[in-house]
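A quick write-up on the structure given underneath.
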Amino acid sequence: MDFDLTPEQEMIRKEVRKFAQKVIAPIAGELDEKEEFSSEITIRMGEIGLFGMFVPETYGGQGMDYLSYIIAVEEVARVDGSQAATIAAGNSLGIGPIYYFGTEEQKHKYLPTLCSGKGLWGFGLTEPTAGSDAGGSRTTAVFDGTHWVINGSKIFITNAANDLTMGVTVQAVTGTRPNGRPEYTCFIVEKGTPGFRAVPMHKKMMWRASNTAELYFDDVRVPPENILGKQGDGFHQMLKTLDGGRLSIAAMGLGGAQGAYDAALSYAKQREQFGQPISKFQAVAFKLADCAVDIECGRNLLYKACWLRNHKRPFEKEAAMAKLFCSEMMGRVADHAVQIHGGYGLMKDYNVERFYRDHKLLEIGEGTSEVQRLVISRYIGC
């Protein structure tokens, strides 16, 4: 068994870490405080190749393996969850569906700009009454003879309402299958289409510098060529998209945990009480040891899932496991990090406060921890 990364993957880790520390870290706290999405940072992340990493160069991507992309997300999350969310959603939820399921015309039309980081794309799945029950979607699309007419709404959609947003992929009910269940189809809706509105959401506890939106569709007319893939494939496309998205969320959990641990370890070595650094006290040292073990377990679980995907082997169970473990693991590590910082850990002058807040979304987005346990239980035959 070879656990070494390739020279290219090592280089990606090094360069993305350097970028995150130099460009993102100095203003991450300020952007979080202001709830300000940064188009400038997003474009700069695109310039160093963080969008479309797994997409072939034919469509404007980098042509790298999936683990390389996951390492990049991990390194950005090590500094700031908001910018990591922009990268993760931009790739897994924005670029991914168009690349994997779109027509050649759709790929050539949208992917080059999206892979450059000069444009972003949303994935409209979650609705006010359809979260974990994605099959409960009420957004509909009816064919009137020339166009599909979309009506409904979506909520908590990342990257869907900012200056760089080009459009969204939206799942809608388009009929009833022979078994009586709804038929779902995904549509491409460009920004500026009459009847389509994207409204930014504010007052979030976490990822405050990432862009989150509510989407509204009021008699939005799109031509048949805006169907992503084929009519009726929407539910399958959604499940496949979420499988890849789980790896991204796991990477955010792993990177965030590493960032919180790094901060706690550094602080514990500097902070003195009773005449010595607090890292020398067993109560603190054991917390740090537990964090180190958790992070190592999460990294091995996530990287194995990516290895399976790279080798075109089934990875869905492992993706759910990695997402579940890494998201909850970041919560444990961030909690220890705040505790080690004591009162300072509750202040926004210290990054661990932001890590502590940011982790919670990971247990909810891309399928809650409860849903991950349901998925895993089915794979193991329960």
Given springs between every Cα pair under 10 Å in a Gaussian network model of the chain, which of 249, 295, 27 has the largest fluctuation?
27
Among the chymotrypsin sites (Phe, Trp or Tyr not before Pro) within the stretch 1-74, which fall in a DSSP loop and have no more than 10 other Cβ atoms within 10 Å of their own Cβ?
3
If I fit a long axis through the Cα atoms of helix 316-341 and take the longest principal axis of the Cα atoms of the chain, what angle between them do I get, 0 to 90°, rounded to 10?
40 degrees
Just grab the label-to-label distance for residue 297 and residue 218, each label 7 Å out from Cα along the Cβ direction, in nm (one decimal).
5.1 nm
Where nothing but the Cβ of Lys and Arg (+1) and of Asp and Glu (-1) is charged, how large is the charge dipole of the stretch 122-233 around its Cα centre, in debye to the nearest 20?
340 debye
Just grab the label-to-label distance for residue 382 and residue 30, each label 7 Å out from Cα along the Cβ direction, in nm (one decimal).
4.8 nm
Of 137, 248, 82, the most mobile residue in a GNM of the chain (C-alpha springs, cutoff 10 Å) is 137
Computed magnitude of the charge dipole of the chain (debye, nearest 20; Cβ of K, R +1, Cβ of D, E -1)
440 debye
Once phi is turned into ³J(HN,Hα) by the Karplus curve 6.51 cos²θ - 1.76 cosθ + 1.60 with θ = phi - 60°, what whole-Hz value does each residue of the stretch 265-280 show in order, with x for glycine and proline?
5, 4, 5, 5, 7, 9, 6, 10, 9, 6, x, 7, x, 5, 5, 7
Assuming R0 = 22 Å, can you tell me the calculated FRET efficiency for the pair residue 373 and residue 289, based on Cβ-Cβ distance, to the nearest 0.05?
0.25
Signed unit charges on C-beta, dipole axis of the chain, positive-most listed residue 244, 351, 279
279
If R0 = 41 Å, then residue 146 and residue 118, at their Cβ-Cβ distance, give a FRET efficiency to the nearest 0.05 of 0.80
Could you compute Rg(Cα) / (2.2 N^0.38 Å) for the chain, with N its residue count?
1.00
Interchain or long-range residues, amide H under 5 Å from residue 228's placed H:
186, 187, 188
Local charge sum around residue 266 (other residues, Cβ-Cβ under 15 Å, Lys/Arg +1, Asp/Glu -1)?
+2
How high is the relative contact order of the chain, in percent, with contacts defined as C-alpha pairs under 8 Å that are six or more residues apart?
16 percent
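FYI, it's all coordinate maths here, none of it is from the lab. Treat the numbers as computed from the prediction; the structure is a model and nothing was measured. Here the Cβ is made from the backbone with ideal geometry for all residues, glycine too, and neighbour counts use every protein chain on show.
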